[in-house]
1. Determine by what factor the alpha-carbon radius of gyration of the range 129-186 differs from 2.2 N^0.38 Å, reporting the quotient.
2. Does anyone have the angle between helix 68-83 and the longest principal axis of the chain? Alpha-carbon axes, 0 to 90°, nearest 10?
3. Can you pull a Stokes-Einstein diffusion coefficient for the range 78-162 at 4 °C (1.567 mPa s), Rh from Kirkwood over Cα pairs, as a whole number of µm²/s?
4. Could you name the lysines in cross-link range of LYS191, using Cα to Cα under 18 Å and dropping any fewer than eight places away on the same chain?
5. Rounded, prolate or oblate, given the Cα gyration tensor of the range 31-70, with a/c below 1.5 counting as rounded?
6. Test of understanding: express the Cα radius of gyration of the range 51-108 as a ratio to 2.2 N^0.38 Å, with N the residue count.
7. When Lys and Arg each count +1 and Asp and Glu each count -1, what net charge do the other residues less than 13 Å away from GLU48, Cβ to Cβ, add up to?
8. For helix 7-18, what angle does its Cα long axis make with the longest principal axis of the chain, in degrees from 0 to 90 and rounded to 10?
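The values are calculated or read from the model by the stated rules, or taken from the named source; none is laboratory data. Worth saying up front: this structure is predicted, and the values here are computed from it rather than measured. Cβ coordinates were reconstructed from backbone atoms using ideal geometry, including for glycine residues, and neighbour counts include every protein chain displayed. These accessible areas exclude ligands, DNA and RNA; they are computed on the full protein's heavy atoms, side chains included. Shrake-Rupley method; radii C 1.70, N 1.55, O 1.52, S 1.80 Å.
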Amino acid sequence: MIFGMDDIAEVAKFYFENDSEYKVEAFTVNREYKKNNTFCNLPVFDFEDIENYFSPTEYEMFIAVGYSRMNKVREEKYNIAKQKGYKLASYISSHITCWIDRKQIGDNCFILEDNTIQPFVKIGNNVVLWSGNHIGHHAHIGDHVFIASHVVLSGRTYVGDNSFIGVNATVNDHVAIGKGCVIGSGALITKDTEMNSVYKNQYTPIYVKKSDELNYFKSNNN
């Protein structure tokens, strides 16, 4: 089953059905957002009681939600699905260059074509890697992250939970992105960022909230 009823849900259905062993049986959304009883020629069920129709012991779910509220909406639905007992399926394209064990990639991940994932990379849960990114060696991507297309994460970079990185952004080697950051399209990040910050161009902070998170990561991962 796919949670969602918009473009990302439709895209997810396409990839799961055309490049995985999964068969999509239905869609599900919260009752208040159910616009119709069908979507992409499949039935749509209320998320509130979905387990009454599709047993968590027999079906898996994928949360097809974008980066709304710094990925918090996707995180919330991810956690509820887990509480209901569902295993969260990941889609990992067969058209990527991947030098890590795919079984080590977290659940509910959506990794599209033409991504390059170098050795010793760590990818958390509920991560979206849209098409055409470079994830450098020893990079660490936290949970609930959305990385758009043609992003370069250089070697030993770190991306904190709930961050968003826009199209064509570049993060220099050994640079850490704090939790909850927005990195704008085309930005060049040459220094560590603070959590809950917005950056555009070359390391230009719009909003900054200080944290010891990055110092902790750097001291334990060098």
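1. 0.94
2. For 68-83 against the chain, the angle is about 50 degrees.
3. 102
4. Counting by Cα, and skipping residues close in sequence, LYS191 has these lysines nearby: LYS179, LYS200, LYS209, LYS210, LYS218.
5. oblate
6. With N residues counted in the range 51-108, Rg over 2.2 N^0.38 Å equals 1.29.
7. Around GLU48, the charge tally is 0.
8. Approximately 80 degrees, to the nearest 10.
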